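The values are calculated or read from the model by the stated rules, or taken from the named source; none is laboratory data. None of these values were measured; they are calculated from a predicted model. Heads up, the Cβs are rebuilt from the backbone with ideal geometry, glycines too, and the neighbour counts pull from every protein chain shown.
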Amino acid sequence: MIISIASGKGGTGKTTVATNLALVLGDRVELLDCDVEEPNAHLFLKPQIDRTEQVDTPIPLVDEAKCTFCRKCADICRFNAIAVVGRKVLVFPELCHSCGGCVAVCPEGAITEIGRELGTVNYGHRNGFKFINGRLRVGEAMSPPLIKRVRAARDPERITLIDAPPGTSCPVIAAMNGADFILMVTEPTPFGLHDLKLAVEAVRLLGIPCGLVVNRADIGDDKVFAYAREEGLPVLLTIPFERGIAEAYSRGETIIEALPQWRAKFLQLFADIEALIERGAAQ
């Protein structure tokens, strides 16, 4: 089972929900922090990191002694990552999507591939559950390949929780695609509603069932709840704007550690998600 925890915008409490779910489910679960540009689940879970590996992506290396400057490599590249200027071949590594097209079409075999660092993947654990996160190299823009590497490390024998990046762009799709359920975390504010609508549209394009958690549920207005009713989106949990929760967050603690009465609510959240997945599979 794969549950991707996402949000239309940053700051809604997505990581709060993901880390509390991971702790309450214990050794049945693994948490993959795929918010690789700003991973922060480790700040709350404090896992022991067992190993770290560097992740590279292939980019072209041109041997100009073999090159006839025919421009076939430049013509096939939709991202303008390689250009032929006179008798010089220019490669722009930051634009390369590592498709290998230039290597395939070169008639002289003048193009090979070398690795360019994307970032790192950290593997760890805490109290029996697995923890994996990705950390994008500073200045790097190509996060989807790193997200895919994090996801490739999942254990199919465990419940997989994915802490997805916020928004609706390519990194978000990379973290949501193939999940059994999307748990969307939002807040009852105009910005929260606007970005929630965009995120729900993306989820529906993927054809994945979705439910909501409304954080800081007693601020703002009821337009998020009205939208959920109109769209048939179940609100599975509401988290109030309470001082005790905010204080725990500021100390780097999870809700269930600071306020144990919340354990039952997060267990019920998972039970509701499980029931919705089973109901969808039966249809």
(request) Tell me which of these Glu37 doesn't satisfy, since it passes every other one: (1) assigned to a strand (DSSP E or B); (2) among the acidic types (Asp, Glu); (3) more than 25 Å from Ala275 (Cα to Cα). (result) (1)
(message) Quick check on the range 229-283: of everything there that is of a type in the set (Ser, Thr, Tyr) and assigned to a helix (DSSP H, G or I), which residue is surrounded by the fewest Cβ atoms within 10 Å (Cβ to Cβ)?
(response) Ser250
(message) When you check Arg251 against the structure, is it more than 21 Å from the chain's Cα centre (by Cα), of a type in the set (Lys, Arg) and at pLDDT below 95, yes or no?
(response) yes
(message) Can you list the strands (runs of 3 or more DSSP E) lying wholly within the range 103-202 that have 1 or more residues being farther than 21 Å from Ile273 by Cβ and in contact with a helix residue (DSSP H, G or I) (Cβ under 6 Å, 6 or more places away or on another chain)?
(response) 111-126, 129-136
(request) Among what's in the range 110-159 and is closer than 13 Å to Cys34 by Cα and hydroxyl-bearing (Ser, Thr, Tyr), pick the residue that is surrounded by the most Cβ atoms within 10 Å (Cβ to Cβ). (result) Ser143
(message) Whether any residue in the range 71-84 is outside any strand (DSSP E or B), touching a Lys or Arg at 6+ places or on another chain (Cβ under 9 Å) and surrounded by fewer than 17 Cβ atoms within 10 Å (Cβ to Cβ) is what I want to check.
(response) no
(message) Anything in the range 4-46 that is over 26 Å from Pro188 (Cα atoms) and among the hydroxyl-bearing types (Ser, Thr, Tyr)? List them, or say none.
(response) none
(message) From the list Asp155, Asp163, exactly one residue is modelled with pLDDT under 95, among the charged types (D, E, K, R) and closer than 23 Å to Val17 by Cβ. Which is it?
(response) Asp155
